[in-house]
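Working notes for the structure below.
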Amino acid sequence: NKDASVYAKTYKVTTNIDNGIVEPSDMDVIEGEDSKEFTIKPSEGYGVKDITCTNDQNVERTGNKFRLTSVSNNSLCTITTVETKQLNEYLANLVESDITSDGNNNMRYYGPNATVKNYIWFNCKSYTGLTKDNAQDKDHLCEKWRIIGLMNNAETESKETQNLVKIIRDEPLPRTAADTEKTFSWDNKNKSTGAETEYGKNDWTTAELMYLLNPNNESHTLDSKLANNSLYWNSGSGQCSTGSYNALSSCDFTTTGLKNGTTKDLIETVKWNLGGRSSTSGATPSGWYEAEQGTETCYTKGKCKQYRSTEWNGKIGLIYPSDYGYATGGGKTYNRQACLDSATYMWDYGDYKTDCAMNNWLYISEHQWTITPDSSDSAYVFNVESSGDFNEFRPWIAFVVRPTLYLTSTTSISTEYGDGSSGNPYIIVS
């Protein structure tokens, strides 16, 4: 009964890296078995571009760790690095014609859709060997996202204030792979399932949409039915909220949900402020920002029977009204400053629409949800109208959703590839 491994054939796996070290640098592996884990430690200012191993050995990689599976030969694994720059530092040094301060210590992209260079490849199947030419092939399957800006007031789970990059999915999230339905209820609870009325509840901390997008909600139920159980986070399929009175529809995120742990590890847990306003009347972009950071909720107005939180710690949310407002570039009749000084409810007609809404890269010709509640009524949430202004609607109504999130402060991009244009988005090196 001697150990069979003593007589098994072994192969040598060795490594080579141009900028950094690999630990261990080599190892012996029994034929047919998987290697133990290698850890790549790139030199400062570099990231891993690609890993290739000779003799057709298969590589499984997670971040800067990799292993070979079913080893069948001696192999040399070459780790190619690329020069990188932290994304938050890169944005902080852009010239003002590309990104500008909002007056609240944040830097934001602004202007018409055609000229703003804020595209980034995200939610990729693999970030290894990523280039503008292969980003959407079967091995990478990246999505185009866009950078809202550099938020210098972001509070992380550790209560630390960091400079974090905020991004948004470029296209509205589809319900299924068929890509024909792109609308979701913000929340569609009624009195029997926890709302004060029959029209949904405007508390993001318990919203059906929040449950859908974020982790750790697998056991959530709606009206005794499993629904919105972290389907997007887990790339799952099932039921999600799409209409009044707890209505459910089929949702399938197996191809459009978050693809892997590498992508999830890039998403920071952040405190999202949930202050609201009582109406859109008179609200400029800076007025929206002040309200969002405040503590006015339906609860403080005395119009709700239940408590509304003024903040939420989580991964994936939606844009704020101020995100949309500050993204305007202005035009001929109303320049950017004139748009910023105007109430956003005016942006749906005449030169206001042409200059303030149509020259705003966050504008799309569909109703899109924001994260911000109406503070005077328990069952209203603000949305960006297809006409370019803001309105407030019952949260059970189904509008388009564009997931929004903050990247970790250490997220780096390649200095070799990507210029932020639609044809050549920034490339994350992970």
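Between SER43 and THR161, the simple spin-label model (points 7 angstrom out along Cα→Cβ) gives 3.7 nm.
Where nothing but the Cβ of Lys and Arg (+1) and of Asp and Glu (-1) is charged, how large is the charge dipole of the stretch 249-397 around its Cα centre, in debye to the nearest 20? So the magnitude is around 360 debye. Shape class of the stretch 281-430 from the alpha-carbon gyration tensor: oblate, with a/c at 1.5 or above and b/c at least as large as a/b.
Remark on the stretch 204-353: hydrodynamic radius 17.8 angstrom, per the Kirkwood mean of 1/r across alpha carbon pairs. Looking at the chain alone, DSSP beta bridges between its own residues are antiparallel in about 90 percent of cases. The apolar share of the surface of the stretch 266-353, taken as the fraction of accessible area on carbon and sulfur atoms (1.4 Å probe, ligands and nucleic acids excluded), comes to 43 percent. A simple charge model with +1 on the Cβ of Lys and Arg, -1 on the Cβ of Asp and Glu and nothing else charged puts the dipole of the stretch 46-151 at about 180 debye relative to its Cα centre. The packing ranking, built from the mean of other Cβ atoms within 10 Å per residue, places the peptides 418-425, 363-370 in the order 363-370, 418-425, highest first.
Positive end of the dipole of the chain (Cβ unit charges, origin at the Cα centre): among TRP361, ALA114, GLY129, the Cα lying farthest that way belongs to TRP361. Net charge of the neighbourhood of ARG336, taken over other residues with C-beta under 14 Å away and scored Lys/Arg +1, Asp/Glu -1, is -4. Heavy-atom accessible surface of the chain, averaged per residue, reaches 42 Å², computed with a 1.4 Å probe. When only Cα pairs below 8 angstrom with a gap of at least 6 residues are kept, the chain shows a relative contact order of 18 percent.
In the complete set of protein chains, residue-level accessible area for TRP233 is approximately 30 Å², probe 1.4 angstrom.
The peptide list 250-256, 23-29, put in order of mean Cβ contacts within 10 Å with the highest first, becomes 250-256, 23-29. Going by the alpha-carbon gyration tensor, a ≥ b ≥ c the square roots of its eigenvalues, is the stretch 120-248 rounded (a/c under 1.5) or, if a/c is not under 1.5, prolate (a/b greater than b/c) versus oblate? The shape class here is oblate. Rolling a 1.4 Å probe across all protein chains gives LYS182 an accessible area of roughly 50 Å². Using the charge dipole of the stretch 21-120 (Lys, Arg: +1 at Cβ; Asp, Glu: -1 at Cβ; taken about the Cα centre), state which of GLY103, ASN93, PHE38 has its Cα farthest towards the positive end. Result: GLY103, furthest along the dipole toward the positive end. Based on alpha carbons, the Rg and Dmax found for the chain are 24.0, 89 Å.
Taking the Cα centre of the chain as origin and assigning +1 to Lys and Arg Cβ atoms and -1 to Asp and Glu Cβ atoms, the resulting dipole is close to 520 debye.
With an 8 Å cut-off on Cα pairs and a minimum separation of 6 or more residues, tell me the relative contact order of the stretch 271-430 in percent. With pairs under 8 Å counted, the relative contact order is 24 percent. What separates the Cα centres of the stretch 227-260 and the stretch 263-280 is a distance of 20 Å. Placing unit charges on the Cβ atoms of the charged side chains and taking the dipole of the stretch 269-354 about its Cα centre, the candidate lying farthest along the positive direction among ASN313, GLY325, ALA291 is ASN313.
Distance from the C-alpha centroid of the stretch 209-223 to that of the stretch 150-207: 11 Å, rounded to the whole angstrom. For the listed peptides 154-165, 325-336, a ranking on the average number of other beta carbons within 10 Å per residue, highest first, reads 325-336, 154-165. For the stretch 16-137, the relative contact order works out to 23 percent when only alpha carbon pairs closer than 8 Å and six or more residues apart are counted.
Of the whole protein surface, ASP139 contributes about 80 Å² of accessible area at a 1.4 Å probe radius.
The values are calculated or read from the model by the stated rules, or taken from the named source; none is laboratory data. The shown structure was predicted, so the numbers you read here are calculated from the model rather than taken from an experiment. All Cβ positions, glycine included, derive from the backbone under ideal geometry; neighbour counts span all protein chains shown. Note: areas computed on protein heavy atoms with side chains; ligands, DNA, RNA excluded. Shrake-Rupley method; radii C 1.70, N 1.55, O 1.52, S 1.80 Å.
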